[in-house]
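Coordinate-derived values only; no laboratory data. Quick caveat, the model's predicted, so the values are computed rather than measured. All Cβ positions, even for glycine, are placed from backbone atoms using ideal geometry, and neighbour counts span all protein chains on display.
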Amino acid sequence: MDFFGDTGGRVSPSSFRDDVELGTGSLHLDLARRVCAEALGTFFLLLAVVGSGIMAQTLSPHDVGLQLLENAAATAGALVGVILMFGVVSGAHFNPVVSAVDAVLGTTTWRDVAWYVPAQIAGACSGVMVANVLYSHPIVTLSHHTRSSWALWLSEVAATVGLLLVINGCVRSGRSNVVPFAVGAWIAGAYFFTSSTSFANPAAAIGRCLTNSFAGIAPSSVAGFVISEIVGAVIAVPLIVLFYPSVTPEVGRE
């Protein structure tokens with residue numbers, strides 16, 4: 001698969017990966033280290049999502065709107081932190097659809113995706129379980145929070161499309177340095193303008209069924225969310241190619 005560069009010429013996927021700091025991180029580390037970074041980053045992300053949800057229920061037991069605000073703020077802040085932490089190590093995907101779209105666009109390989117995705121799911125589940133323990137909950141309590149409707153599924157499609165456009169729009173236009181803040185801002189906003197509160201991440205959906213707290217999702221609802229997020233990724237790919245057909249080098253690069 002080839003891509004057009006800024007000059008209109010064809011560039012190979014390998015040179016494309018060198019120009020775009022998205023797929024595997026600019027440190028060019030070995031796969032084992034990158035997979036560990038994906039697992040740990042996703043662990044921290046879900047620890048923040050679920051832990052802040054439990055804390056929000058404790059601090060604001062009678063105000064769901066305030067609970068959502070607290071949960072959104074903590075999640076956005078954690079996203080900025082973990083992307084800054086591991087962006088140069090692994091690309092800071094922490095999300096199977098981000099990894100898959102990277103592979104489709106040529107900024108990573110399907111071999112990497114095959115390792116990244118299980119690591120992301122394992123990290124998400126571990127983060128949720130540790131969050132439960134931090135608040136003296138059972139390590140695993142399956143959620144009773146049913147999230148199943150066309151409105152929720154459509155919300156997940158929209159949230160996922162937007163997330164992927166934000167990431168790739170920044171990276172492919174030479175603004176990788178703002179990705180942590182753009183992603184954090186998008187997710188914080190999408191908490192409030194989507195009825196699903198913007199999971200936009202299959203690993204997160206799977207992990208969050210392990211907590212019967214504010215951020216939980218019933219196991220029976222997970223498949224609908226994951227399918228919707230995959231649909232969002234499928235829609236996002238042609239939009240990314242449409243709007244960002246060429247790659248702008250990072251500012252300051254030769």
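Across the range 137-146, coupling constants 3J(HN,Hα) worked out from phi with the 6.51/-1.76/1.60 Karplus curve, θ = phi - 60°, read 8, x, 4, 9, 9, 4, 5, 9, 7, 6 Hz, and Gly and Pro carry x.
Extending 7 Å from Cα along the Cβ direction at LEU142 and again at MET85 yields two label points whose distance is 3.0 nm.
Can you tell me the 0 to 90 degree angle between the C-alpha axis of helix 31-59 and the longest principal axis of the chain, rounded to 10? Once rounded, the angle reads 30 degrees.
From the list [x] -0.23, -0.47, -1.10, -1.40; [y] -0.26, -0.52, -1.05, -1.29; [z] -0.22, -0.45, -0.99, -1.26, can you say which value of log10 I(q)/I(0) by the Debye sum over Cα atoms at q = 0.07, 0.10, 0.15, 0.17 Å⁻¹ was derived from the structure given? Matching the structure shown: [z].
Taking other Cβ atoms within 10 Å as a rough exposure proxy, MET85, MET129 sort from fewest to most as MET85, MET129.
The equivalent ellipsoid of the range 135-197 has semi-axes of 29, 17, 9 Å, largest first, where each one is the square root of 5 times an eigenvalue of the Cα gyration tensor. Among THR42, THR160, THR146, the largest mean-square fluctuation in a Gaussian network model of the chain (Cα springs under 10 Å) belongs to THR146. Rounded to the nearest 20, the Cβ-based charge dipole of the chain about its Cα centre (Lys and Arg +1, Asp and Glu -1) stands at 260 debye. Counting pairs of alpha carbon atoms under 8 Å apart in space and at least six apart in sequence, what relative contact order in percent does the range 168-231 give? After rounding, I find 20 percent.
Every Cα-Cα pair of the range 112-154 was included, and the share exceeding 14 Å stands at 65 percent.
Shown in residue order for the range 147-153 are the 3J(HN,Hα) couplings computed by the Karplus curve 6.51 cos²θ - 1.76 cosθ + 1.60 at θ = phi - 60°: 10, 9, 6, 4, 5, 5, 5 Hz (x for Gly and Pro). In this rough spin-label picture, where each label sits 7 Å from Cα along the Cβ direction, the LEU27-PHE193 distance is 3.5 nm. Relative contact order of the chain: 28 percent, from C-alpha pairs under 8 Å at least 6 residues apart in sequence. For the range 118-133, 3J(HN,Hα) computed residue by residue from phi via the Karplus equation (6.51, -1.76, 1.60; θ = phi - 60°) reads x, 5, 5, 5, 4, x, 5, 4, 5, x, 5, 5, 5, 4, 4, 5 Hz, glycine and proline entered as x. Under the simplified labelling scheme, the LEU242-VAL133 pair shows an inter-label distance of 4.7 nm, with each label point 7 Å from Cα along Cα→Cβ. In terms of Cα atoms, the Rg and Dmax of the range 139-254 work out to 16.0, 54 Å.
Between helix 179-193 and the chain, what is the angle of the helix's C-alpha long axis to the longest principal axis, kept within 0 to 90° and rounded to the nearest 10? Tilt relative to the chain: about 40 degrees. Residues of the range 59-90 with amide nitrogen under 17 Å from the 7 Å Cα-to-Cβ point of CYS36? Hits in the range 59-90 for CYS36 at 17 Å: 85-90.
Averaging Cα coordinates gives a centre for the range 190-210 and one for the range 85-131; these two points are 16 Å apart.
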